[in-house]
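Novice: Below you'll find the structure I mean.
Laboratory data are not the source of any read-out in this text; all were calculated from the coordinates shown. Values in this document were obtained by computation on a predicted structure and should not be read as measured data. Neighbour counts run over all protein chains shown; Cβ positions are idealised from the backbone, glycine included.
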Amino acid sequence: MSVLKTTLAAPSIMRGIFRYLLQAPKQRENREKMTRLLSPDKLSEGKNKSAEHPMFEAALKESIKCGLLIEENEEIAINGNLPEASRHPQTGDKLLPDTLVQLFFASDKEDEDLGRLIAWYLAQDIYDAPGTWKEVEQRVAEQRVAESLDLKISSDTLSNQLAHWMCYLGFAWGHALGSNKRIVPEPTAYLRRNLKDLFQGEAKVKLSIREFIDRLAKKCPLFETGKFREQVEEKIGDRLPNHLSTSTAFALFRLHDDGCIQLKKESDADLFIFPGVGNEEGFSHIILTGVEL
């Protein structure tokens with residue numbers, strides 16, 4: 001079961017459990033005690049009693065399933081195999097979105113359903129991306145990927161769960177048009193958080209766009225040439241050679257405008273086309289500027 005389809009496992013609740021354990025002695029707590037503290041019985045009054053704390057239990061289950069937490073002898077603890085910074089009380093919460101990206105999409109506990117759907121969303125034209133679940137369902141039918149990729153968004157509940165996770169992880173942002181809530185596949189937030197790591201912490205270093213994309217796909221296989229993106233593009237049609245998707249191009253251009261990176265065009269190098277940006281400009285290299293992110 002995917003976190004996408006476990007609709008009670010909201011990112012905010014998983015984050016709340018994790019934040020509590022970050023500050024707990026030895027980063028562990030008795031399961032019953034933690035349940036009483038974070039999901040008091042009063043919150044369940046008047047609700048379906050088939051499960052006393054359904055949202056808390058769903059979030060805890062998914063946190064253990066993905067490897068964020070472990071359960072030992074009636075105690076819940078932060079997984080000691082996570083990187084030290086991801087477990088540190090002062091940095092763990094800030095790094096949690098990237099910790100979950102690693103666990104969901106680049107580990108042996110990967111969430112294939114969520115991975116394929118976000119990769120599919122990022123592969124859509126950012127200027128024509130479906131913004132509601134009915135539009136998603138229609139686009140999935142048009143591209144004939146409901147069965148081949150098992151992409152089924154058949155309810156507003158699932159669509160909201162997808163929106164919550166995409167926005168929390170930094171692959172999209174939401175807004176409202178009148179009474180309609182819409183989601184835009186635009187991964188600036190994820191890229192901004194991970195620029196230093198992609199450049200291995202070295203400001204002013206120049207990478208070719210190809211090398212940058214290769215590093216990005218290895219770190220997060222939802223992007224171009226990554227495992228999940230290739231599964232999607234095999235079904236909906238490959239990008240043109242040396243073309244980025246509009247979502248990646250738009251995000252990189254925003255970071256360029258913000259001064260976080262410089263996009264360079266060198267005449268003797270392979271150019272990558274940034275479709276949908278200006279006059280579909282081509283760039284060959286990317287430089288981390290050293291501007292505080």
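Novice: Give the Kirkwood hydrodynamic radius (Å, one decimal) of region 195-293, defined as one over the mean of 1/r across all pairs of different Cα atoms.
Specialist: Details: mean 1/r = 0.0723 Å⁻¹.
For region 195-293, the Kirkwood estimate is 13.8 Å.
Novice: Here is a follow-up. Please report the antiparallel percentage of the DSSP beta bridges confined to the chain, to the nearest 5. Walk me through the intermediate numbers first.
Specialist: Numbers: 22 of 23 bridges.
Antiparallel bridges: around 95 percent, rounded to the nearest 5.
Novice: Too long at a 29 Å Cα-Cα cut-off: which of Lys109/Lys264; Lys181/Lys206; Lys206/Lys227; Lys61/Lys235; Lys181/Lys265? Don't skip to the answer; put the middle values down first.
Specialist: Details: Lys109/Lys264 38 Å; Lys181/Lys206 39 Å; Lys206/Lys227 26 Å; Lys61/Lys235 32 Å; Lys181/Lys265 38 Å.
Checking Cα-Cα distances, Lys109/Lys264; Lys181/Lys206; Lys61/Lys235; Lys181/Lys265 exceed 29 Å.
Novice: Return one number: the angle in degrees, 0 to 90 and rounded to the nearest 10, between the long axis of the Cα atoms of helix 54-65 and the longest principal axis of the Cα atoms of the chain.
Specialist: The angle comes out near 60 degrees.
Novice: Here's a follow-up. Per residue of the chain, what 222 nm ellipticity follows from adding -39500 (n - 2.57) for every DSSP H run with n ≥ 4, rounded to the nearest 500? Working shown, then result.
Specialist: Numbers: 12 runs with 131 residues, N = 293.
Calculated mean residue ellipticity at 222 nm is -13500 deg cm²/dmol.
Novice: Region 118-194: which GluC sites (Glu not before Pro) are DSSP loop and have at most 16 other beta-carbon atoms within 10 angstrom?
Specialist: Glu147
Novice: So, one more: Quick check: residue separation of Gln138 and Asp270 times 0.36 nm, minus the Cα distance between them. What number comes out in nm?
Specialist: On the way: separation 132, 0.36 × 132 = 47.52 nm, distance 3.69 nm.
Going from the current span to full extension adds 43.8 nm.
Novice: On full extension of the chain, what length is gained from Asn180 through Leu8, given 0.36 nm per residue of separation minus the C-alpha to C-alpha distance?
Specialist: Numbers: separation 172, 0.36 × 172 = 61.92 nm, distance 2.25 nm.
Working it through step by step, the gained length comes to 59.7 nm.
Novice: List the GluC sites (Glu not before Pro) in region 253-284 that DSSP assigns to loop (not H, G, I, E or B) and whose Cβ has at most 12 other Cβ atoms within 10 Å. Which are they?
Specialist: Numbers: sites: Glu266, Glu280, Glu281; in loops: Glu266, Glu280, Glu281.
Loop-located and lightly packed - Glu266, Glu280.
Novice: Right, something else. First obtain the Kirkwood hydrodynamic radius of the chain from its Cα pairs, then insert it into the Stokes-Einstein equation at 25 °C and 0.890 mPa s, and state the resulting D in µm² per second as a whole number. Let's see the in-between values first.
Specialist: On the way: Rh = 20.4 Å.
Translational diffusion coefficient: 120 µm²/s.
Novice: Run the reach check for Lys94 against lysines, Cα to Cα strictly under 19 Å, same-chain hits fewer than 8 apart removed. What comes back?
Specialist: Once the sequence-local lysines are set aside, what remains near Lys94 is Lys196, Lys219.
Novice: GNM on the chain, C-alpha springs below 10 Å: top fluctuator among Val136, Val184, Val277?
Specialist: So, out of Val136, Val184, Val277, the one fluctuating most is Val277.
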